[in-house]
Amino acid sequence: MVNWFRISEILAKEAQYRAGRRTGSMRRLSFGTGSLLKSNLVTVAFFSMFSTTFGFMVTSSPALGLGFAGLMELFFGIITTAPALQNMVSDKLLDPLTYLPLNEREIRKSLLYIVLYWGGIGLLFIVLPAAVAGALLTHNLYLILWGSLEAVSLLLLSVGIGYIAGSVSPKLSGRPLSRILSTLAWLAVMSFGFVFMAVNNFSFSHSPQSSLKTSKDLLEAIPPFSFGSASAGSPLSVTSSLAFLLFSMLLFKTGADRFWRALSAEMLIVKPGSDVKLQWKLWSGPLPSPVFKDLKLLIRNSRMLASTIYVFFIPLFAASPFFFGSVHKLYSLILILMPWMGTAVGSAVGNLYLTEGSDSRFLYLLPITKGSIVRSKALALAVLAIPISLMYFLLMMDVPLIGAKVALAFLLSSIGFLFLDSYLIMMRLPREMASWSRQTLGQGWTLIMLLVDMVVAGVMTAVSLIPLFIRWSLGISLPLRSGDLLLVELLVFSAVVVFLTNNREPI
Amino acid sequence: MLEYRNVVKRYGGVVAVDGISVKFDAGRINALLGPNGSGKSTMMKMALGVVRPDSGEVLVDGMNPISDALKVRRVVGYAPEEIILYESLTLTELFSFLREVYGIPREEAEQRIRFLAKLFKMEENMNKLIGELSHGNKRKILVASALFHNPKVLILDEPFSGLDPEVGRVLKEMMRKYANEGNTVIFSTHVLEIAEAVADEVTIVYKGKLVAKGSTDELRNKVRAADLESIFMKVTGLESDLKELLDTLWGA
């Protein structure tokens, strides 16, 4: 009789092997003989050190100390479990087992064990050391009890969310509404860092004393912040925390059931649709079909779409302080930032190559040039850059000329870096179709792309600062200001890159 | 017409194609046969320029697939054995993409798609994601994609794998029609009955070498064997291996 530990071992080894093939790293497999704790040793050590710092925060505010630690646990829990579980579903790792006479209960137990093996136990140590340190420093031993309950609740919650995300995402591509929800879910996970900023602002930045008190009271009733306050015996916090524990357990159960159904071979068989549309029409929009194809592939991959949207909006957030008050008069400074914003946007083109993945071997069968591949990928994202550049214009519309210059600079910078990065990645594609492997789009190209982008952006920024430097050192004002010079640079850069990347060789 | 002139291809230390010289004439259906790993797929991919020969030359309609890759890919239709398709596109989206790549006028493309969709019974699947379809349906899409631009040279690697009998029959007739129109048709299969029934000419490769070429009748007379299976076993030298395996099975 095969036990669930053995099934876990097989699944974990297979999952690790496939993950290794994807990233190009083939780490030695250590799974199989050790305990759960042994498998989590590194994460336990790392998170314990990290968590102790929250312990000091607990002494001044148990709610904030344990609350922030809890948010970290939730964040790490979701980002580690959701993609790993999604890969299990998309790779149909369980399929070979479903044809064997194995007990369902054992397979389900094995799946739980795998999640713990991938760092599940380690996650508990983001909160536990903080609670213990806080308890020792404040002589309040209830902190350990409530900290433990919080750690377990958040582990169940994050794994539950991971199960749901993992089971839903791979099958979504046909349904637009589900796809939108999935993309929003991934965006929420990626934007988790902003939750810390929001909580921080909420709890500290209210100036009138009365409102500060109200905010803190409210926060202490909201999990995971409520667990810290529950240690002081606040009835509202105790009720809220216990309700949260119950909710986490239910979500975990729902997620595990759902994941199991998605993973079972029977669920993966696509049932014939009831409404068959016999009408079809070839694409006739303004975009060329290859660009349309790349956009479609991206749109149907929620995780990659969320990652792309996120990357597009980061520069906008970074520049946001300049849009308000009188700071926008420093438009030269905003313009000087544009090459760096372009590097962020340009790097997103990698998502299109990753989305296409091994299907890009299909391109080798067609009469397609390398330049056309570079172009279709870059233009697909340039299309998305247009509304963002309009947002820049609208945000700086009180001085329309400045708004137009900033919007144009963003667009030119985006186009330039999209073409440049697309070209750098395309050059990594092998000469022969048979040589294509998961390692083709490994992490090497990201580093090369980053270095090249930084050098190009750095040179452009340095050149644009020349008028400023001359005025500062020699007192001579040149007719062209730094911002305007940068705009010219971006125009030349994008035109040159678009021209030079038009490689006419066949893939 | 497709011609291989003393072609050699190695993968590391393994010789996949070992000095093969062979010509596939237009207007005929050619079956390329051989056990697994004998070099069939490598030969087929060379015709498209996606695998480069280490030495020797491949000519497609007089063009070199390496130096004239774009031109060659316009005249070759190739369906690989492995399912390589964009699974998150619908069939309509895939053909929209192919139409632009091959530069086929819209009306002509639509007419062609209607024709292929009817023949391969894909009309109900036009708006479905390819990833949602069965293996057999994906195989049909690969074959339809290879035929979409009306190629002069049609190369199909294991095209009958996963096809239902009705569509399989249509494909056989389609290959015949295509060859009769003066095009070159090459296909590989492990089902020797299909090769015997469909092919005008059979080419057998073994361990990267050409071991037999001719019509089934010609080979039958030459090798003195009753059917294609016996011919295959004799020319590849697998006859004694087979006997040993069968003896093991039946306990002789």
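The values are calculated or read from the model by the stated rules, or taken from the named source; none is laboratory data. Just so you know, these numbers come straight off a predicted model, no measurement behind them. Note: ideal-geometry Cβ built from the backbone for every residue, glycine included; neighbour counts use all protein chains shown. SASA here: full protein model, heavy atoms, side chains in, ligands and nucleic acids out. Shrake-Rupley method; radii C 1.70, N 1.55, O 1.52, S 1.80 Å.
Remarks
- Local charge for A:S226 was computed over the other residues whose Cβ lies under 10 Å away, with Lys and Arg +1 and Asp and Glu -1, and equals -2.
- Protein accessible surface hidden between B and A, which excludes ligands and nucleic acids, total in Å², probe 1.4 Å: 3900 Å²
- FRET efficiency, B:Y11 to A:T53 (Cβ-Cβ, R0 56 Å, nearest 0.05): 0.55
- Based on the Kirkwood approach, the hydrodynamic radius assigned to region A:41-98 is 13.6 Å, with every pair of different Cα atoms included.
- Reciprocal of mean inverse Cα separation for region A:289-500 (Kirkwood radius, Å): 18.0 Å
- Average other protein chain Cβ within 10 Å of Cβ, residues B:97-103: 6
- For the listed residue pairs B:K45/B:K121; A:K281/B:K23; A:K370/B:K213; A:K92/A:K281, the alpha carbons are over 30 angstrom apart in A:K281/B:K23; A:K370/B:K213; A:K92/A:K281.
- Beta-bridge orientation, region B:2-250: approximately 55 percent antiparallel, per DSSP, counting only bridges with both partners inside.
- Accessible surface for region B:2-250, divided over its residues, is 42 Å² per residue with a 1.4 Å probe.
- Sites A:L465 and A:E505, calculated FRET efficiency, Cβ-Cβ separation with R0 25 Å, nearest 0.05: 0.05
- The alpha-carbon of B:K128 sits under 19 angstrom from the alpha-carbons of these aspartates and glutamates, leaving out residues fewer than 8 places away in its chain: A:D275, A:D294, A:E356, A:D359, B:E87, B:E93, B:E110.
- Separation in nanometres of the label points that stand 7 Å from Cα toward Cβ, at B:K207 and A:A221: 8.3 nm
- Using only alpha carbons, the protein assembly as shown has a radius of gyration to Kirkwood radius ratio (Rg to Rh) of 1.04.
- Between A:L141 and A:L112, the contour length at 0.36 nm per residue exceeds the alpha carbon distance by 7.4 nm.
- Order of exposure, largest accessible area first, which applies to A:I415, A:I373 with probe 1.4 Å: A:I415, A:I373
- Listed peptides B:52-62, B:187-197, A:67-77 by packing density, highest first (mean Cβ within 10 Å): A:67-77, B:187-197, B:52-62
- Applying 0.36 nm per residue to the separation of A:L287 and A:I476 and subtracting their alpha-carbon distance, the gain on full extension is 63.3 nm.
- In a fully extended conformation the segment linking A:Q279 and A:F46 would gain 78.1 nm over its present Cα-Cα distance, using 0.36 nm per residue.
- Shielding value for A:294-305 is 2, the average number of Cβ atoms from other chains within 10 Å of each residue's Cβ.
- In region A:289-500, Cα pairs under 8 Å separated by at least six residues give a relative contact order of 27 percent.
- Rel. contact order, % - alpha carbon contacts under 8 angstrom, at least six apart, region B:1-77: 34 percent
- A:V492-A:T369 FRET efficiency (beta carbon distance; Förster radius 22 Å; 0.05 resolution): 0.35
- For region A:61-121: accessible area per residue (Å², 1.4 Å): 36 Å²
- Radius of gyration and maximum dimension Dmax of region B:130-250, Cα, Å: 16.6, 50
- Equivalent ellipsoid, region B:117-192 (semi-axes from 5 times Cα gyration tensor eigenvalues, Å): 21, 14, 11
- An ellipsoid equivalent to region B:213-252, defined through the eigenvalues of its Cα gyration tensor, has semi-axes of 25, 9, 6 Å when rounded to whole angstrom and sorted largest first.
- Contact order normalised by residue count of chain B, Cα under 8 Å, 6+ apart, percent: 27 percent
- Residue by residue along B:84-91, Cβ atoms of other protein chains within 10 Å of the local Cβ number 6 on average.
- Sum of side-chain charges, B:G34 neighbourhood, beta-carbon under 11 Å (Lys, Arg +1; Asp, Glu -1): +3
- For the protein assembly as shown, the share of accessible area belonging to carbon and sulfur comes to 63 percent (1.4 Å probe, ligands and nucleic acids excluded).
- Within chain B, helix-based [θ] at 222 nm, where runs of 4 or more DSSP H residues each add -39,500 (n - 2.57), nearest 500: -12500 deg cm²/dmol
- Over region B:2-250, the reciprocal of the mean inverse Cα-Cα separation, the Kirkwood hydrodynamic radius, stands at 19.0 Å.
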